[in-house]
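Visitor: A single structure is presented below for examination.
The values are calculated or read from the model by the stated rules, or taken from the named source; none is laboratory data. From a predicted model like this one, the values you see are computed outputs, not experimental measurements. Here the Cβ is made from the backbone with ideal geometry for all residues, glycine too, and neighbour counts use every protein chain on show.
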Amino acid sequence: MNNSNDILDNNPVRDNNFDLIRIVLSTIVFMYHISVLSPIDGIVFGFFSGEFAVECFFVISGYLIVYSYNKSNSLKKYSKSRIVRILPLYLIVILLTFILGLIISNVDIKDFVYNGGLKFIIFNSIFMNFMSPSLPGVFEDNVITAVNGSLWTIKIEVMFYFAVPLIFDWINKGTKRYFAILILYALSILCFYFIRFLIIEHGVNPSINNQLPSLLCFFMAGAVLNYIRPSDKLMFVLFLLSTMYLLVFDKIYAIHPIALASVVYFFSYLIPFRIIIPKCIGDISYGMYIVHFPVIQYFTSRGWLNDFGWGFLLCILVVIVLSLLSWHCLEKRLLKYNKSRDRDDLLYSKESIKII
């Protein structure tokens, strides 16, 4: 693995607003799903675009995951950090939704387990959520029966994690990294248009739009700004042009990913202040993103989300509390443990070198 210092020096990822932006994006997805899943008037939520938020998440992942890979001194360290960040909470949420389904299902335990429950656990645990999105006798009267419709994006994230070493180890070994990253971004755009062509002209299943080849352009847009960091003046101009495009024009996918990346980058680095998330809150974005869907589904099935009354407020409160518990009781502790193990491994390596 190539630890390119010039790349790392140009990316002060600590001094940014990424945590705040991710919490805002998770909230947007949360509100969007309330409008889609519940009887509450969706017009009120018209300015919450789940698609926009997910695309921004992918842009941020492209930026930060590529940085993480370039910073890591081994593939093992990179892989471990990705597993620790994503997998534990993901598996716990799947298990808890299975248990919730077992409790509230209108079928008996044997039918629940053998007619869909076991299949749900297996396929969702290996990120194949589309193979078993629902549980038997659970949320059958809801508009959408899927237990957790947010999980499909985690699969895309994991696929990108696997792709990063293959793509960027090759880029880092070359002498024309900036040129190579731009070429790959262009190829990812062409890949998107090719998939659209297959869907429109040859009747390919539209669900392929929600797979990595079609969405890689958003990750690559974030990666482009990780490698090619424009001057602040140029970035400000890109931000203005991108904002105008996003507000005025329909999607033009040749420029849409890089426009989103420019806006995200501007709010992350170039606004003249940093908003620090209080430690008592922490980085609750992943927890909120991964737990809100089944909570909304449960509240909807109980008839508690018909208006902006107590059910709506209680739903928000439950999601916030679960997100806080997730961060403080699990995610933060695992990240701290992983960092301490990395320090121990580094000290052990140094001592081994001394002995040799």
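Visitor: Applying the selection to segment 201-224, what residues are in a helix (DSSP H, G or I) and either at pLDDT below 90 or of a type in the set (Lys, Arg) (or both)? I'd like the intermediate steps shown before the answer.
Guide: Initial filter on segment 201-224 (in a helix (DSSP H, G or I)): 201-202, 206-210, 212-224.
Result: 201, 202, 206, 207, 208, 209, 210, 212, 213, 214.
Visitor: Please work out which one of (1) modelled with pLDDT of 95 or more; (2) touching a Pro at 6+ places or on another chain (Cβ under 8 Å); (3) among the hydroxyl-bearing types (Ser, Thr, Tyr) is the condition residue 69 fails and give its number.
Guide: Unmet for residue 69, out of (1) modelled with pLDDT of 95 or more; (2) touching a Pro at 6+ places or on another chain (Cβ under 8 Å); (3) among the hydroxyl-bearing types (Ser, Thr, Tyr): (1).
Visitor: What do you reckon, is residue 49 over 21 Å from residue 281 (Cβ atoms), small (Gly, Ala, Ser) and surrounded by fewer than 18 Cβ atoms within 10 Å (Cβ to Cβ)? I'd like the intermediate steps shown before the answer.
Guide: On the way: over 21 Å from residue 281 (Cβ atoms): yes; small (Gly, Ala, Ser): yes; surrounded by fewer than 18 Cβ atoms within 10 Å (Cβ to Cβ): yes.
Spelling it out, residue 49 is indeed over 21 Å from residue 281 (Cβ atoms), small (Gly, Ala, Ser) and surrounded by fewer than 18 Cβ atoms within 10 Å (Cβ to Cβ).
Visitor: Please state which one of 221, 254, 261 is over 20 Å from residue 70 (Cβ atoms) and out of contact with any strand residue (DSSP E or B) (no Cβ under 7 Å at 6 or more places or on another chain). Write out each step before concluding.
Guide: Working: 221 fails: over 20 Å from residue 70 (Cβ atoms); 261 fails: over 20 Å from residue 70 (Cβ atoms).
Testing whether each residue is over 20 Å from residue 70 (Cβ atoms) and out of contact with any strand residue (DSSP E or B) (no Cβ under 7 Å at 6 or more places or on another chain) leaves just 254.
Visitor: Among residues belonging to segment 275-327 that are hydroxyl-bearing (Ser, Thr, Tyr) and more than 14 Å from residue 96 (Cβ to Cβ), point out the one that is surrounded by the fewest Cβ atoms within 10 Å (Cβ to Cβ).
Guide: For segment 275-327, the residue satisfying everything is 301.
Visitor: May I ask you to verify whether residue 330 is modelled with pLDDT under 95, under 20 Å from the mean Cα position of the chain (by Cα) and either of a type outside the set (Ser, Thr, Tyr) or closer than 18 Å to residue 96 by Cα (or both)? Give the steps one after another, and end with the answer.
Guide: Values: modelled with pLDDT under 95: no; under 20 Å from the mean Cα position of the chain (by Cα): yes; either of a type outside the set (Ser, Thr, Tyr) or closer than 18 Å to residue 96 by Cα (or both): yes.
So residue 330 fails the test.
Visitor: Looking at (1) surrounded by 15 or more Cβ atoms within 10 Å (Cβ to Cβ); (2) under 22 Å from residue 215 (Cα atoms), which is the only condition residue 126 fails?
Guide: (1) is the only condition that residue 126 fails.
Visitor: Hey, another quick one. Being assigned to a helix (DSSP H, G or I), free of Cβ contacts under 8 Å to residues at least 60 places away in the same chain and hydroxyl-bearing (Ser, Thr, Tyr) is the requirement here; does residue 268 meet it?
Guide: Values: assigned to a helix (DSSP H, G or I): yes; free of Cβ contacts under 8 Å to residues at least 60 places away in the same chain: no; hydroxyl-bearing (Ser, Thr, Tyr): yes.
Spelling it out, it is not the case that residue 268 is assigned to a helix (DSSP H, G or I), free of Cβ contacts under 8 Å to residues at least 60 places away in the same chain and hydroxyl-bearing (Ser, Thr, Tyr).
Visitor: A follow-up question, please. Does segment 149-168 contain any residue that is over 30 Å from residue 258 (Cβ atoms) and in a loop (DSSP other than H, G, I, E, B)? Before you say what the answer is, go through the steps one by one.
Guide: In the first step, residues of segment 149-168 are kept if they are over 30 Å from residue 258 (Cβ atoms); the result is none.
No, segment 149-168 has no match at all.
Visitor: Evaluate the following for residue 340: is it farther than 21 Å from residue 28 by Cβ and surrounded by 13 or more Cβ atoms within 10 Å (Cβ to Cβ)?
Guide: no
Visitor: Taking segment 49-78 as the region of interest, how many residues are in contact (Cβ under 8 Å) with a residue 40 or more places away in the chain and out of contact with any helix residue (DSSP H, G or I) (no Cβ under 8 Å at 6 or more places or on another chain)?
Guide: Qualifying residue count for the region: 2.
Visitor: Within segment 154-182, can you find the residues that are touching a residue at least 60 places away in the same chain (Cβ under 8 Å) and surrounded by 15 or more Cβ atoms within 10 Å (Cβ to Cβ)?
Guide: Matches in segment 154-182: 154, 156, 157, 158, 160, 161, 164, 165, 168, 172, 177.
Visitor: Of the numbered conditions (1) more than 30 Å from residue 120 (Cβ to Cβ); (2) modelled with pLDDT of 90 or more; (3) not in a helix (DSSP H, G or I); (4) not aromatic (Phe, Trp, Tyr), residue 175 satisfies every one except a single condition; which is it?
Guide: (2)
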